[in-house]
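S.K.: Mind looking over this structure? Questions follow.
The values are calculated or read from the model by the stated rules, or taken from the named source; none is laboratory data. Nothing here was measured: the structure is a model prediction, and the numbers come from that model. A quick note on method: Cβ atoms are made from the backbone with ideal geometry, for glycine too, and the neighbour counts reach across all protein chains shown.
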Ligand SMILES: *Cc1c(COP(=O)(O)O)cnc(C)c1O
C-alpha cells in the first residue's frame, strides 16, 4: 500500500515512512492510495481481528506475524477481555466502551499500537526520535503511556500549567520512565501548541533533535480506530448507525473509512458540544471559524477539525490541488463552502449532526444515571444526546463512549451528585510520585530543555 498527501505535492510514501512523518512535507495529511475492501476479521480476539483487518495497510512493510504480535501487545494493556465491550443502554441504543485502556480514554486504542509500531520500525532502522507534542489533557497522557516502554523514543509533552484536570496531569507526571518528560508551561494550550509548531518550523533544531509527532493527523491513529467499528457490528450482528462525540474529526473519519472498507454502517452521527463548527457545516454546507469556548467536554473544544481535510480530499475526487486551494481560502477568509453536488454525494447520504450544550450534556448524564445507575463522562453524554436526536426507527445506534467517567469527575459529580471511582488498575494514581518540569512560555527555554532530554 502506498500513501499520498491530501495536498498532492509531497512524495508518495510506504506505511512506515508515513507513520514516522505524521504530516506530509506539503502540509497535507497522508491517505492510502485506495481503500481496501473485503475486510477479514480473523481469530477470536480483538487483537487478531485488528491485525487481519489492518493487514492491507501495512502489507509489504511489516510481516504479518510481526504485526499480529504488535497488535497483541498493544491490546493486552486493556482491562476488559473484549478490549472494547458493547453495552446496551436502551432497546435500540448501545455504548461501545473505548475507555478500558491505561489512560481511560479512547485515544489509547490508537496510541498503544502506535507505541509498538514506532518501536518496531525504529529498531529495524536503527534510528531514534524525539516526539514532542502539546496537550490539553487526553492526547498527552495517551501518547506518553503508548511510548513509555519504547527503547528508541524520547517524548516531551507540553501542557498548560494549572489548566488540565488533576487526573489528566497525574496520568502524565507519574510515569516513571526515563524517556518521558512532562513540562508545565506557564501559558495556555494555544501557547503550548505554538511552541511545538515553532520547534517543528525551526529546521536545524528539528533535524538535530530528530523531532517527530503523534498528533491526531497521524495516519496510523485513524487506521487503528477503524477496527472497532467492525468488531462492534460483528458483536451486534446487524447494521447500525454510529454516534461519535467529535473534536478533530479523527474518530468519525475512521468510521467513514470503515464504511468505505465495507462495514455495514447506516449513518455516522457527528456529536459536537458548543464548539459546533462541524454541526453548523452539516446544517449550512459552510464552515465558519468561531472562537473556542470552554465546555464540560474539553477534548472536543476545538475550532478547526484537522482530520476533516481527509474527507475534503475525497470530496474533491482526490485532487490535491483543489483541496489546497479550498484550504487556503479557508485560512484567508475563515469560511469554507462546498458545492451542492459535493454535499449531495458525500455528506447527505451518510452524515447527521447534533450539538449538545453544557445543560443538555448534564441532563443526559443525570437521566442515564437515574435510569440505569450508569455514570457516563461528558464527551460520551454528547454522543448519547446526538444519537437520541438523530435516531431513525428500526435502526440501532452505537454511541462511542470515549472516556471513563472517572477521567472527568467534576462534571460527573455536578450532573449526578456522585464522585466516580477510578478503576482498579489506576486506583493508586493519587499516591504515585509526580515528576514535573515547570518552564516559561519561551521558545529558547523549551528548546534547550528538549535538547537536554536525549
Ligand atoms: C479526543 C477526544 C474526543 C474527540 O475525538 P476526535 O478524534 O478528535 O474527534 C472525544 N472524546 C474524548 C474523551 C477525547 O479524548
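S.K.: If I filter the range 332-350 for residues that are touching a strand residue (DSSP E or B) at 6+ places or on another chain (Cβ under 6 Å) and modelled with pLDDT of 95 or more, do I get at least one hit?
M.R.: Checking the range 332-350: at least one residue is touching a strand residue (DSSP E or B) at 6+ places or on another chain (Cβ under 6 Å) and modelled with pLDDT of 95 or more.
S.K.: Every residue in the range 419-434 that is surrounded by 14 or more Cβ atoms within 10 Å (Cβ to Cβ) and either within 16 Å of the ligand (Cβ to nearest atom) or assigned to a loop (DSSP other than H, G, I, E, B) (or both), please.
M.R.: Answer for the range 419-434, where residues must be surrounded by 14 or more Cβ atoms within 10 Å (Cβ to Cβ) and either within 16 Å of the ligand (Cβ to nearest atom) or assigned to a loop (DSSP other than H, G, I, E, B) (or both): 420, 422, 423, 426, 432.
S.K.: Right, another one. Can you say whether residue 127 is away from the ligand (no atom under 16 Å from the Cβ), assigned to a loop (DSSP other than H, G, I, E, B) and over 30 Å from residue 395 (Cβ atoms), as far as the supplied structure shows?
M.R.: yes
S.K.: Name the residues in the range 3-22 that are farther than 14 Å from residue 320 by Cβ and surrounded by fewer than 18 Cβ atoms within 10 Å (Cβ to Cβ), would you?
M.R.: Matches in the range 3-22: 14, 17.
S.K.: Where in the range 1-111 are the helices (runs of 4 or more DSSP H), entirely inside, with at least 2 residues that are on the phi > 0 side of the Ramachandran plot and at pLDDT 95 or above?
M.R.: Ranges flagged: none.
S.K.: Confirm whether residue 58 is free of Cβ contacts under 8 Å to residues at least 60 places away in the same chain and surrounded by 18 or more Cβ atoms within 10 Å (Cβ to Cβ).
M.R.: So residue 58 passes the test.
S.K.: Could you list, in sequence order, all residues of the range 406-420 that are free of Cβ contacts under 8 Å to residues at least 24 places away in the same chain and out of contact with any helix residue (DSSP H, G or I) (no Cβ under 6 Å at 6 or more places or on another chain)?
M.R.: Result: 413, 417.
S.K.: Okay, moving on. So, in the range 132-173, how many residues would count as being on the phi > 0 side of the Ramachandran plot and away from the ligand (no atom under 14 Å from the Cβ)?
M.R.: 1
S.K.: Here's a follow-up. Could you figure out which of (1) crowded, with 24+ Cβ neighbours inside 10 Å; (2) touching a helix residue (DSSP H, G or I) at 6+ places or on another chain (Cβ under 8 Å); (3) modelled with pLDDT of 90 or more isn't true of residue 252?
M.R.: (2)
S.K.: Need the failing condition index for residue 81 against (1) without any contact (Cβ under 8 Å) to a residue 24 or more places away in the chain; (2) closer than 16 Å to residue 42 by Cβ, just the number.
M.R.: (2)
S.K.: Checking the structure you have, find out if any residue of the range 192-210 is buried (at least 17 other Cβ atoms within 10 Å of the Cβ), within 21 Å of the chain's Cα centre (by Cα) and assigned to a strand (DSSP E or B).
M.R.: no
S.K.: Return a yes/no flag: does the range 314-329 have any residue that is closer than 15 Å to residue 274 by Cβ and touching a residue at least 24 places away in the same chain (Cβ under 8 Å).
M.R.: No, the conditions are met nowhere in the range 314-329.
S.K.: Suppose the filter is within 26 Å of residue 190 (Cβ to Cβ), buried (at least 20 other Cβ atoms within 10 Å of the Cβ) and under 13 Å from the mean Cα position of the chain (by Cα); does residue 299 pass it?
M.R.: For residue 299, the condition - within 26 Å of residue 190 (Cβ to Cβ), buried (at least 20 other Cβ atoms within 10 Å of the Cβ) and under 13 Å from the mean Cα position of the chain (by Cα) - is met.
S.K.: If you take the residues of the range 233-244 that are over 23 Å from residue 219 (Cβ atoms) and not in a helix (DSSP H, G or I), which of them is nearest to the ligand (Cβ to nearest atom)?
M.R.: The qualifying residue nearest to the ligand (Cβ to nearest atom) is 243.
S.K.: Can you name the residue in the range 287-304 that is touching a helix residue (DSSP H, G or I) at 6+ places or on another chain (Cβ under 8 Å) and assigned to a helix (DSSP H, G or I) and, of all such residues, is farthest from the ligand (Cβ to nearest atom)?
M.R.: Among those residues, the one meeting the criterion is 300.
S.K.: Please work out if residue 100 is surrounded by fewer than 24 Cβ atoms within 10 Å (Cβ to Cβ) and within 16 Å of the ligand (Cβ to nearest atom).
M.R.: yes
Every residue, every condition in (1) in contact (Cβ under 8 Å) with a residue 40 or more places away in the chain; (2) within 16 Å of the ligand (Cβ to nearest atom); (3) in contact with a strand residue (DSSP E or B) (Cβ under 9 Å, 6 or more places away or on another chain), yes or no:
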position	(1), (2), (3)
187	yes, no, yes
211	yes, no, yes
246	yes, yes, yes
262	yes, no, no
273	yes, yes, yes
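S.K.: Just give me the residues in the range 434-450 being over 11 Å from residue 195 (Cβ atoms) and touching a helix residue (DSSP H, G or I) at 6+ places or on another chain (Cβ under 7 Å), in sequence order.
M.R.: If the condition is that a residue be over 11 Å from residue 195 (Cβ atoms) and touching a helix residue (DSSP H, G or I) at 6+ places or on another chain (Cβ under 7 Å), then 434, 435, 436, 437 are the ones that fit.
S.K.: Which number in (1) within 30 Å of residue 337 (Cβ to Cβ); (2) within 13 Å of the ligand (Cβ to nearest atom); (3) under 14 Å from the mean Cα position of the chain (by Cα) marks the one condition that residue 278 misses?
M.R.: Of (1) within 30 Å of residue 337 (Cβ to Cβ); (2) within 13 Å of the ligand (Cβ to nearest atom); (3) under 14 Å from the mean Cα position of the chain (by Cα), only one is false for residue 278: (3).
Every residue, every condition in (1) away from the ligand (no atom under 14 Å from the Cβ); (2) over 26 Å from residue 248 (Cα atoms); (3) surrounded by fewer than 24 Cβ atoms within 10 Å (Cβ to Cβ), yes or no:
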{"position": "363", "(1), (2), (3)": "yes, no, yes"}
{"position": "366", "(1), (2), (3)": "yes, yes, yes"}
{"position": "377", "(1), (2), (3)": "no, no, no"}
{"position": "395", "(1), (2), (3)": "yes, yes, yes"}
{"position": "399", "(1), (2), (3)": "no, no, no"}
{"position": "402", "(1), (2), (3)": "no, no, no"}
{"position": "405", "(1), (2), (3)": "no, no, no"}
{"position": "411", "(1), (2), (3)": "no, no, no"}
{"position": "416", "(1), (2), (3)": "yes, yes, yes"}
